[in-house]
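What follows is calculated from the coordinates using simple rules that are stated; it is not laboratory data. Quick caveat, the model's predicted, so the values are computed rather than measured. Note that we place each Cβ from the backbone using ideal geometry, even for glycine, and neighbour counts take in every protein chain shown.
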Amino acid sequence: MEPHLSVGPSDWIQRWSHLVASGARVLDVACGHGRHMAWFAAHGCHVTGIDRSEQSLDTARAYGRVLQADVEVGAWPLIDANLRLETFDVVVVTNYLWRPLFANLLDSITPGGLLLYETFAQGNETVGKPSRADFLLLPGELLQRCQTLRVVAFEDGFLSQPARFVQRIAAIKPGACPHGEPMPSQCIKLNSI
């Protein structure tokens, strides 16, 4: 088995997935082999993954719906012929940064839905890859890009195992759940933090 196939979900995703109710619709962007798809599927969620690598999606397909798309050059793949955007209760992004995609990511979260995002930050060039500025968030950049959301948690700093600089956020899109109150399983379940 390839080493990256045996890697489990990130500790950030695990830490904040208590906010996600069983039955939630989860989108994993740049899903790779589907480690986070597997995590959420095992917790009763309906998962969709997007990645440009057909080889990666062959594995991810076992956990839910997959879409092969290069979101850096093509149109956002979750808009139908009538220009309706498919939305999700949870949008997950880890170890991936393409700044022009942020508007699509935020628009893809249902009102009351959750964004879980974790990627490399400036400083990472001193400890390894990625090291190009294009792939590293500026100090506080993720927090600034999510200013329209209610931030539940934010971290910006150095992690030692493995050595890397990261920013990560858990944030909720304002607005009532479209499915009514109290929030049913199709929406984010906000537990005490």
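Between S160 and R52, 0.36 nm times their residue separation minus their Cα-Cα distance comes to what?
On the way: separation 108, 0.36 × 108 = 38.88 nm, distance 2.97 nm.
Full extension of this stretch gives 35.9 nm more.
Exposure proxy for S108, S53, S22: other Cβ atoms within 10 Å of each Cβ, ordered fewest to most, give S22, S53, S108. Estimated from helical segments only, the mean residue ellipticity of the chain at 222 nm is -4000 deg cm²/dmol, where each DSSP H run of four or more residues counts as -39500 (n - 2.57).
Along the axis of the charge dipole computed for segment 31-188 (Cβ charges of +1 for Lys and Arg, -1 for Asp and Glu, origin at the Cα centre), the listed residues G34, L57, Q167 are led at the positive end by Q167. Across segment 8-172, Cα pairs under 8 Å and at least six residues apart give a relative contact order of 17 percent. Using 0.36 nm per residue and subtracting the Cα-Cα separation, the extra length available between R84 and D107 on full extension is 7.2 nm. For A153, nonlocal amide neighbours, meaning residues 5 or more places apart or on other chains whose placed amide H falls under 5 Å from its own, are A170.
Determine how many Å³ per residue the convex hull of the Cα atoms of segment 8-172 encloses. Kindly include the intermediate steps, with their values, before the conclusion.
On the way: hull volume 18.9 nm³, N = 165.
Roughly 114 Å³ of hull volume per residue.
So which GluC sites (Glu not before Pro) in segment 66-169 end up in coil per DSSP with only 16 or fewer other C-beta atoms within 10 Å? Here the sparse-neighbourhood loop sites are E72, E86.
Restricting attention to segment 8-172, close to 45% of DSSP beta bridges with both partner residues there are antiparallel.
Counting every other Cβ atom within 10 Å of each residue's Cβ, L149, L83 order from fewest to most as L83, L149.
Sorting S160, S17 from the fewest to the most surrounding beta carbons within 10 angstrom yields S160, S17.
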